[in-house]
Amino acid sequence: MLEDTELTFSESTMSSRVAEGRLQTLQIYRLLQLVHEGDTAQIEKMVQLGAEDLISLTEPKDGVGVLHVAVSANNLELVTFLLSKGADPNVQDKRGRAPIMLAAELGNHPIVSLLAHSEANLRLLDVEGKNVLFYCIYPTKRHCRCLQVLLKCGADANSVSVQGMHVFQLMCEKAQECTPLCLIMLNAGADPNAAHQVNNRDSLMEAGKAGSLPLVRAIIRMGGDPNASDRKRLTAVHYAAMGGFFEVLQVLSAYSADMSAMSLKDCTALHYAAASGNANCCKFLAQRGCNPKLKNREGLLPHQIAKDCGHNAVAKELRKAERKQGKGSDPSGTGQMSELWALTLHDWSQEYEAELWKAFGDKSDTVTAERFISVLEELQAPVEPDRIQAVISAHGGDVNISDFIRGVKYIKKPFRLSSYMPKKKKGGKGKKGGKKKKKGPFVLPMPVCTLPPELKPRRADGGPPSFMISSYFNCSDVLRFNPAHPPVHPVMNDSGWYIHKPPPVYVNVNSCVRTNDLESLDQAFSEGVPVDVQDEFYKTPLMVACSTGSYETAQYLLSKGADVNVCDQFFWTPLHHAAYAGQRELIELLVNAGANVDAPALGGATPLMRAIETSRVSCVDFLIEAGASVLAENKRGQSCLDVARDFANPVIIDLVKQKMDSLPKPKDKAKGKEAEAKKPKAKVHKQSTT
C-alpha cells in the first residue's frame with residue numbers, strides 16, 4: 001500500500017511554473033507585492049503588460065504564487081479577482097501545497113468553496129503525500145465546514161500519506177477535540193477499519209484511547225472490528241483501559257469485544273486499568289472475562305500494579321476479583337446468571353435499548369416468548385438461540401422488556417450495569433439518620449466580577465473583543481532612506497518593497513493606559529473603539545488612568561469625550577478610583593469636568609469616604625471645598641466622621657468636624673409643633689351684617 005501511495009504521489013507532478021530569468025523573477029516579485037497590498041488596478045495592469053501568463057508563475061525561492069498570498073491574507077474578494085484573471089487554482093509551492101490546502105488549514109470555508117467550484121484538483125498531494133483533507137484536522141467549526149465542502153466536492157476520505165498514515169485514523173488520533181470531524185468523515189464513506197500502515201493501529205483504537213464514546217459507537221456500528229490488534233497486539237479494549245474509560249469498555253463489551261486479549265508483554269486490559277486507577281474499569285473487566293490472576297512478563301499481577309501506583313481502593317477490588325475467579329453461575333441455567341454470554345447480552349440490551357423499545361412497540365411492556373426471539377434475531381443479538389431459552393425461563397415464560405433491559409431477572413445483582421451507578425445516600429428529611437443542613441450566614445449577592453461572554457462578543461472580522469486593541473507599531477524604516485541617501489529605483493519610491501508590516505499584536509486597552517501608550521489608544525479610537533469601553537473587569541480607560549495616577553492620559557481621555565460618571569460593577573466612578581488612589585490633581589481634574597462628588601458606590605460609600613480611607617488630607621480638603629457632603633452615610637449607617645474615626649487620622653477628623661459644625665443645624669420638627677400648640681389662638685369677632 002505504501003508503494004501505491006508513493007506511486008500516486010510521483011505521478012501527480014508538481015502543478016506550478018517557476019519564474020525563469022531576471023525579467024520574470026522581478027515581475028513576479030512585484031506582482032506578489034501588489035497582491036499583498038491588494039492593489040487590483042495595478043495587478044490588472046501588470047498582468048496585461050507583463051510576461052506571458054505572469055499570473056500563473058511562482059517565485060523561485062519558495063514557489064509561492066499569487067493565489068497563495070491572497071489565500072494567506074484571507075481575502076475572498078482578491079481571490080475571486082485573481083481567478084477571474086486566469087490564476088491557476090492548482091499551482092503548488094515547493095512544499096506541494098495548493099491554495100485550497102492553505103485555505104483549509106486557515107478554516108476559511110468561503111475561499112475553500114470558491115476554489116473547489118473553480119476546478120481545483122482535490123486529489124493533489126503535497127511533498128508528504130497528504131491531500132487537502134489532512135489540512136482540515138483542527139477542532140473548530142470553521143474547519144468542520146471546510147471538511148463538509150471538500151467531501152461534498154469529491155475529496156478522497158480514504159487518502160493515505162507517504163508515511164502510511166490514513167487521514168481518518170489521524171483524525172481519530174485527535175478525537176478528544178475533533179470528534180465532530182471524525183463523524184463527518186464516517187458518514188462520507190471513510191473506512192471504519194482504517195489503520196496506520198506502520199504500527200497497524202486503527203481508528204477504533206485511537207477513538208478508544210481518546211475516550212470518545214460517540215465515535216467508538218459510530219465506528220463499531222459502521223463495521224469497525226472491536227477485536228483488531230496492532231503490532232504490539234494491543235486492542236481497543238487495552239487502549240480504553242489505559243485511559244480508564246468505563247463507558248467505552250461497556251460499549252466494546254456490548255459488541256462482543258474480547259476482554260481477555262493479551263499484548264506482546266503478556267499484559268491484559270486489567271493490568272492497564274490497574275495502572276489508571278479506575279476501580280469501576282477493573283471490576284467490569286474482571287466480570288467480563290479478564291482473568292485477574294494472570295501475571296505479565298514482569299511477573300506482576302494487576303493488584304500489585306495498582307498497589308505500586310498508590311491505588312489502594314483498586315488493589316482491594318482486584319483482590320476481591322481474584323477470590324471470586326472461577327466461581328460460575330447457576331448450573332441449571334434457570335436462575336440468575338453471571339456467565340460471559342449472559343453479561344454480553346445484558347450489555348448489548350443496554351446499548352440497543354432504544355432499538356428494542358422501537359421493535360417491541362409501546363403497546364405493552366410484556367411480550368410473548370416467540371415475539372421476543374424474533375426481535376432478538378432481527379436485531380442480531382450476540383446470543384445463540386438455545387441460550388435465549390434460558391433467558392426466557394428466567395423471566396417465567398413471557399418477557400417483561402423493562403426487566404430484560406435492566407437484567408433484574410436473569411443477571412446477578414453485582415454484575416448488572418446498574419450496580420455501577422452511584423449509590424443514593426440513605427436518610428433524609430424526617431427519617432432516622434437524616435441530618436438537617438445548617439443554614440449558612442447570609443451573603444449579600446454581588447455582581448459578577450468579570451464580563452459574561454455575551455457582553456464581550458468578537459469583532460465582525462473574527463478578531464478579539466473591542467477592549468483588545470492592536471498596539472501601534474511604526475513600521476517605517478527611518479534608517480534606510482533619507483534625503484542624503486535616496487532610494488536606488490530611478491522612477492518610483494521602492495522603500496515599501498523592503499518593509500514588512502508585522503501582523504497586529506492585540507493588547508488590553510487598559511494595559512496601554514498603564515504604560516501611557518497614547519499612540520495605540522489614538523489608533524484604536526480612530527478605528528471606532530469606544531472611549532468608555534470596559535475590559536473584562538468592567539473598568540474603563542479613565543478609571544484605570546485615575547487609579548494609576550496618570551494625569552496626562554486622563555486629560556487625553558477627557559478630551560476624547562470620556563464619561564466622568566460612568567460606573568463599574570461596584571458602582572465606582574472614576575472619582576472613586578482617583579480618591580482611593582489619593583490623586584489630588586486627578587480629583588480636581590474630574591470635578592472640573594463635571595464629576596458627581598456625592599456618587600454612592602454599591603455599599604453607599606462616596607468619593608469623600610474613599611479619600612478619608614487613604615488618609616490624604618489634601619484630597620479630603622479639596623472634596624469638602626468642592627461641596628462633597630460630610631453628612632452622607634453608607635449602607636452600614638456610617639457617616640464620614642465615623643469613617644474618619646475608624647482610620648484615626650486626627651487632622652482629617654478635625655476637618656470633617658469643622659465642616660459639620662459649620663453647617664446650619666436642622667430645625668427640630670417636634671419642638672416646633674409643641675410651640676405652635678402652646679401659642680394662644682387669636683379670637684375672631686363676628687360682625688353682624690345689616
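The values are calculated or read from the model by the stated rules, or taken from the named source; none is laboratory data. Quantities reported herein were computed from a predicted structural model and do not represent experimental measurements. Glycine also receives a Cβ, built like all others from the backbone with ideal geometry; neighbour counts cover every protein chain displayed.
For region 78-90, the set of residues classified as crowded, with 24+ Cβ neighbours inside 10 Å and farther than 20 Å from Gln48 by Cα is empty.
Being of a type in the set (Lys, Arg), within 22 Å of Pro503 (Cβ to Cβ) and either modelled with pLDDT of 95 or more or in the same structural domain as Cys146 (by TED's automatic domain parsing) (or both) narrows it down to one of Arg97, Arg30, so name that one. The conditions single out Arg97.
Among the residues of region 359-401, just one is more than 13 Å from Trp341 (Cα to Cα), small (Gly, Ala, Ser) and in contact with a Leu (Cβ under 9 Å, 6 or more places away or on another chain), namely Ala359. Of all positions in region 137-157, none carries a residue that is polar (S, T, N, Q) and either buried (at least 20 other Cβ atoms within 10 Å of the Cβ) or more than 25 Å from the chain's Cα centre (by Cα) (or both). Phe81 falls short on exactly one of the conditions (1) closer than 17 Å to Val35 by Cα; (2) part of a loop (DSSP other than H, G, I, E, B), and that condition is (2). Residues of region 343-369 that are touching a residue at least 24 places away in the same chain (Cβ under 8 Å), outside any helix (DSSP H, G or I) and either more than 18 Å from Gly396 (Cβ to Cβ) or under 34 Å from the mean Cα position of the chain (by Cα) (or both): Tyr352 alone.
Residue count for region 185-226, restricted to those that are of a type outside the set (A, V, I, L, M), in a helix (DSSP H, G or I), in contact with a Gly (Cβ under 9 Å, 6 or more places away or on another chain) and without any contact (Cβ under 8 Å) to a residue 40 or more places away in the chain: 2. Scanning for something surrounded by 20 or more Cβ atoms within 10 Å (Cβ to Cβ) and among the basic types (Lys, Arg), does region 122-131 turn up at least one residue? Yes, region 122-131 contains at least one residue that is surrounded by 20 or more Cβ atoms within 10 Å (Cβ to Cβ) and among the basic types (Lys, Arg). Candidates in region 548-599 are the residues that are in a helix (DSSP H, G or I) and within 36 Å of the chain's Cα centre (by Cα); of these, the one that is surrounded by the fewest Cβ atoms within 10 Å (Cβ to Cβ) is Thr548. Per this entry, Phe525 is not counted among residues that are at pLDDT below 90 and of a type in the set (Phe, Trp, Tyr). Taking the condition outside the structural domain of Phe570 (by TED's automatic domain parsing), under 29 Å from the mean Cα position of the chain (by Cα) and either of a type outside the set (Asp, Glu) or modelled with pLDDT under 85 (or both), does Pro457 pass? Taking the combined requirement at face value, the residue satisfies it.
In this structure, Leu252 does satisfy being touching a helix residue (DSSP H, G or I) at 6+ places or on another chain (Cβ under 6 Å) and either without any contact (Cβ under 8 Å) to a residue 40 or more places away in the chain or not small (Gly, Ala, Ser) (or both). Considering the conditions (1) of a type outside the set (Val, Ile, Thr); (2) surrounded by fewer than 22 Cβ atoms within 10 Å (Cβ to Cβ); (3) more than 16 Å from Ala236 (Cα to Cα), Pro292 is excluded by exactly one of them, (2).
Scanning region 388-412 for residues that are without any contact (Cβ under 8 Å) to a residue 40 or more places away in the chain and either closer than 21 Å to Gly289 by Cα or aliphatic (A, V, I, L, M) (or both) yields Ile388, Ile392, Val399, Arg406, Val408. In the set (1) surrounded by fewer than 20 Cβ atoms within 10 Å (Cβ to Cβ); (2) more than 37 Å from the chain's Cα centre (by Cα), the condition left unmet by Leu318 is number (1). Of all residues in region 29-58, those being outside any helix (DSSP H, G or I) and touching a strand residue (DSSP E or B) at 6+ places or on another chain (Cβ under 8 Å) number 4. With the condition kept exactly as written, say whether any residue in region 613-628 is of a type in the set (A, V, I, L, M, F, W, C), outside any helix (DSSP H, G or I), at pLDDT below 95 and in the same structural domain as Glu552 (by TED's automatic domain parsing). Checked region 613-628: at least one residue is of a type in the set (A, V, I, L, M, F, W, C), outside any helix (DSSP H, G or I), at pLDDT below 95 and in the same structural domain as Glu552 (by TED's automatic domain parsing). Looking only at residues that are acidic (Asp, Glu) and in contact (Cβ under 8 Å) with a residue 12 or more places away in the chain in region 38-77, which one is surrounded by the most Cβ atoms within 10 Å (Cβ to Cβ)? So the residue we want is Glu59. Applying a threshold of 9 Å to beta carbon distances and a minimum spacing of six or more residues, or different chains, the list of pairs starting in region 631-651 at a residue that is in contact (Cβ under 8 Å) with a residue 12 or more places away in the chain and ending at one that is of a type in the set (Phe, Trp, Tyr) and loosely packed, with under 12 Cβ neighbours inside 10 Å is empty. Answer with yes or no whether Asp225 is in contact with a Pro (Cβ under 9 Å, 6 or more places away or on another chain) and either at pLDDT 95 or above or more than 20 Å from Gln350 (Cβ to Cβ) (or both). Yes: the conditions hold for Asp225.
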